[in-house]
1. What distance in nm separates the simple spin-label points at Arg72 and Asn109, each placed 7 Å from Cα in the Cβ direction?
2. What is the distance, in nm, between label points placed 7 Å from the Cα along the Cα-to-Cβ direction at Ala55 and at Ala7?
3. What is the sum of charges, Lys and Arg at +1 and Asp and Glu at -1, for the other residues whose Cβ falls under 11 Å from the Cβ of Gln10?
4. Given R₀ = 30 Å, what would the calculated FRET efficiency be for Glu92 paired with Leu62, taking r from the Cβ atoms and rounding to 0.05?
5. Quick one: if you stick a label point 7 Å off each Cα along the C-beta vector at Ala126 and Ala24, how many nm between them?
6. Net charge near Lys93: determine it from the other residues with C-beta under 11 Å of the C-beta of Lys93, scoring Lys and Arg +1 and Asp and Glu -1.
7. Please report the net charge: other residues with Cβ closer than 13 Å to the Cβ of Arg47, K and R +1, D and E -1.
8. Would you list Asp16, Asp140, Asp83 from the most to the least accessible area, probe 1.4 Å?
Amino acid sequence: MNASGPAAPQIWVDGDACPSVIKAILFRAAERARIHVTLIANHSLSRPPSRYIRALVVSGGLDEADNEIVERMQPRDLVVTQDIPLAARVVEKGGVAINPRGERYTPDNMAERLSMRNFSEELRGAGVQTGGPSAFHARDRQAFANQLDRWLAQHAPKNIVSGE
C-alpha cells in the first residue's frame, strides 16, 4: 500500500513454461491497459522494450521462480501459471491465478486440481504413461484472452478500453 491507497494490481507470469503466444497477448495487454507485467523464470526471457514489461531471472533451484512470485505478488494481482501448487499458493494469498488455457483457479476447484495432479504424479512414479497435456489450440488462446480481459476490466485503470 502506498500513500494514495493500495498499489495498482500487476500481472506476474511463471515464465518458464508460458507459451510464446500467451506472452504476446500479455505484452499487448500491458501496453494497452498500462499495467505492469513481470515474467519470472530461472533463465533469460526475451521481451519487447516497454515501461510496463520486465523480466526477473532467479536462481535455478526447485520452485525458486514460484517462491519469488508468491513473495512479490499482492492480493488482487493476476498470476499466469500452469503450476497447480503455485496457483494454490496464489489463491490462498488472495491473488487471481489462471493458466495459459484460460482456466481460472479458484478456492472451489483447487482441492480437486491438486488431487488430480498428485494422482497423475503417483501414476507416473509407478511407470504408467499418462501422456502430456493436449495440444495448445486457438480456442485455448481465445479462452486465455477472454479471462485476461475480464481481469483487466476489473483492475486496469478505468480510462483504458480493453479488448484483444
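1. Here the answer is 2.6 nm between the modelled labels.
2. The two pseudo-label positions are separated by 2.2 nm.
3. Value of the local net charge: +2.
4. On the way: r = 20 Å, r/R0 = 0.66.
The computed FRET efficiency comes out at 0.95.
5. 4.2
6. Values: positive: Arg72, Arg76, Arg89; negative: Glu71, Asp77, Glu92.
Result for the local shell: 0.
7. Working: positive: Lys23, Arg28, Arg51, Arg54; negative: Glu31.
Net local charge, Arg47 excluded: +3.
8. Asp16, Asp83, Asp140
The values are calculated or read from the model by the stated rules, or taken from the named source; none is laboratory data. It should be emphasised that the depicted structure is a prediction, and the values quoted were computed from it without experimental measurement. All Cβ positions, even for glycine, are placed from backbone atoms using ideal geometry, and neighbour counts span all protein chains on display. What goes into the accessible areas is simple: the full protein's heavy atoms, side chains included, and nothing from ligands, DNA or RNA. Shrake-Rupley method; radii C 1.70, N 1.55, O 1.52, S 1.80 Å.
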